[in-house]
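See below for the structure under consideration.
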Amino acid sequence: MSKPTSLSIGIQRGALEIKQFMRQRESVVFTMLFPLILLAIFGSVFSNSIAKGVTFSQYFVAGMIASGMVNTGFQQLAIMIPVERDFGTLKRLRGTPMPASSYFIGKAILVTLSMLIQVFLLLAAGVAFFGVNLPKTGEKWLLLAALLVVGSACSTILGIAFSNVPKSGRGASAVVSPVVIVLQFFSGVFFIFTDLPHWMQQVAAIFPLKWMTQGARSVFLPDSFATREVAGNWETGRTFAIIGAWLVVGLIWAVRSFKWERD
Amino acid sequence: MSTVISVSGLHKSYGSNHAVAGIDLAIEQGEIFALLGPNGAGKTTTVEILEGFRDRDSGSVQVLGFDPATKGRAGQEWRDRIGIVLQSTHDAGDLTVLESVSHFAKYYESPKDPHEVINLVGLTDKSNALGRTLSGGQRRRLDVALGIIGNPELIFLDEPTTGFDPEARRAFWQLIRKLRDEGATILLTTHYLDEAEALADRVAVINRGKIVEVSTPALLGGRATSLATVSWRDGVELRKEKSANPTALVAQLSAQFGGEVPELNVKRASLEDIYLEMIGGAHE
């Protein structure tokens, strides 16, 4: 029998992660349907236009796609990994020849699939029920693809790093969810970012979600809207630079702090 | 016969707690070696150092000719040759027995056949049952299946039969003996003295971070040569006598009573008596 490689085992782990995820119905429903419920609520309450040819739903879908990257990466992993640590899953894996990288490849596959399903559902529901317009140029779709790749990678790495913060699997959700929800409020997911108090905008600008949200707006909103952003333009370069910087920070943090068993 | 595990001068402290205070051990290929000791004696720390989960403070450790503290790729090759059955776990509840075992087989270079292993641990009927539907004993057998799927030369078993009913324990012991007969070396930690006595070729008693004695279960603590207690009824009085030659004493009593000795009882120290004495336990 040939020697298994990190990548081949990682792909096997990804398949296994997806199988387990799909068998946990509550979490599938929560992760996948909750953003759609939010879209339905916000889309119905704020049916006005916020600029010429831009509905609130259009603005909100951009924010929810950015949030989708955070939910499926950061939030999902920072809650799931502490549970696996408590259950002894990680320690058991550590005792096998499975390379550590395979475990993370498996998680990345799970995040990628759930993120893509999430984005697809948001766009489908947005177009079908809330008059959301899809990007019209190949350039914008390419920008969306780049944003999803870099944003999701950043979110995944930070989720792995943050998985060492909750003291136990049971408490993980209580530690992680508020972080995400507060960031969503600060980052212009639920409200127009430029309507937020100045200090809130300043705080949000430190964290990647604000930049993911702004990046998503640059895909889904007309370029004429760019003048209404804080800098008066989309700041695409800075968006990728800051998300990329967080990716590097997360990588160092994760490598230095990751634990295979509970203390 | 070659030495599979050799440890000398092993030390490990957690703050001011000297958990392992100078341990020497040599475990030979093909034996079932039991590590006995009360909670907090340093048993788990020692085994976790051997398994590569913990770093030591000092001393030398060789497991299958390899230092378990080595990091990186060499560690993966070494892990291919060992199997670890941890204390109870609750993971993989959403996978079937067959899915879990088949998946773990993929981590190893030359694994056993998953169906064969499932059959060996007696879970064939449960192959397609989800992990979370298994009983405690079945769950434990799945743990063992995952520990041996890689066809290991050395198996670590930590408290393997906790929560088993007597019949399941006996079946489990048969399984362990079978793995030994196939050539594996087994390091067992257990709380159950009857388990050590039934299974182990040799036992080590560990207390306060040190090995108190290493011996076969029958010879531990001078058990074979310890005095036997003979007791019998003499009229209204229940009499007791410690003797190095109980057979002679019984023959003498039999002659004295003209055959049957009333309420005759000959008792040697049990492994438990010896063990409790060694660890300075609560008895007497």
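The values are calculated or read from the model by the stated rules, or taken from the named source; none is laboratory data. Being a predicted model, the structure only gives us computed values, none of them experimental. Counting neighbours? That spans all protein chains shown, and the Cβs are built from the backbone with ideal geometry, glycine included.
When the residues of the stretch A:245-260 are filtered to those that are loosely packed, with under 15 Cβ neighbours inside 10 Å and not polar (S, T, N, Q), which remaining residue is nearest to the other protein chains (Cβ to nearest Cβ)? Checking each candidate, the answer is A:259.
Per-residue answers, yes or no, for (1) within 9 Å of another protein chain (Cβ to nearest Cβ); (2) of a type in the set (Lys, Arg); (3) free of Cβ contacts under 8 Å to residues at least 24 places away in the same chain:
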{"site": "B:45", "(1), (2), (3)": "no, no, no"}
{"site": "B:67", "(1), (2), (3)": "no, no, yes"}
{"site": "B:77", "(1), (2), (3)": "yes, no, yes"}
{"site": "B:80", "(1), (2), (3)": "yes, no, no"}
{"site": "B:89", "(1), (2), (3)": "yes, no, no"}
{"site": "B:97", "(1), (2), (3)": "no, no, no"}
{"site": "B:103", "(1), (2), (3)": "yes, no, yes"}
{"site": "B:120", "(1), (2), (3)": "no, no, no"}
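Residue A:7 fulfils the conditions (1) away from chain B (no Cβ under 11 Å); (2) at pLDDT 90 or above; (3) crowded, with 21+ Cβ neighbours inside 10 Å except for a single criterion, (3).
What's the total number of residues in the stretch A:99-138 that are over 17 Å from residue A:255 (Cα atoms), of a type outside the set (Val, Ile, Thr) and either within 21 Å of the chain's Cα centre (by Cα) or surrounded by 19 or more Cβ atoms within 10 Å (Cβ to Cβ) (or both)? Total meeting the criteria: 16. Restricting the search to helices (runs of 4 or more DSSP H) fully inside the stretch B:34-135 and requiring at least 2 residues that are over 19 Å from the mean Cα position of the chain (by Cα) gives B:73-79, B:97-105, B:114-120. Just one residue in the set B:203, B:121 is crowded, with 22+ Cβ neighbours inside 10 Å, out of contact with any Gly (no Cβ under 6 Å at 6 or more places or on another chain) and at pLDDT 90 or above; that residue is B:203. Any idea which residue in the stretch A:139-152 is farthest from the chain's Cα centre (by Cα), counting only those that are more than 21 Å from residue A:32 (Cβ to Cβ) and buried (at least 19 other Cβ atoms within 10 Å of the Cβ)? Within the stretch A:139-152, the match that is farthest from the chain's Cα centre (by Cα) is A:143. Every condition in (1) over 25 Å from residue A:208 (Cα atoms); (2) surrounded by 14 or more Cβ atoms within 10 Å (Cβ to Cβ); (3) of a type outside the set (Ser, Thr, Tyr) holds for residue A:66 except the one numbered (1). Would you call residue B:20 aliphatic (A, V, I, L, M) and away from every other protein chain (no Cβ under 14 Å)? The answer is yes for residue B:20.
Residues that are in a helix (DSSP H, G or I), within 11 Å of the chain's Cα centre (by Cα) and aliphatic (A, V, I, L, M) were ranked within the stretch B:177-196; the one that is nearest to residue B:2 (Cα to Cα) is B:196.
The lone criterion from (1) modelled with pLDDT under 90; (2) surrounded by 19 or more Cβ atoms within 10 Å (Cβ to Cβ); (3) more than 29 Å from residue B:64 (Cα to Cα) left unmet by residue B:126 is number (1). Restricting attention to the stretch B:197-239, the residues that are assigned to a strand (DSSP E or B), within 15 Å of the chain's Cα centre (by Cα) and either more than 30 Å from residue B:174 (Cβ to Cβ) or of a type in the set (S, T, N, Q) (or both) total 1.
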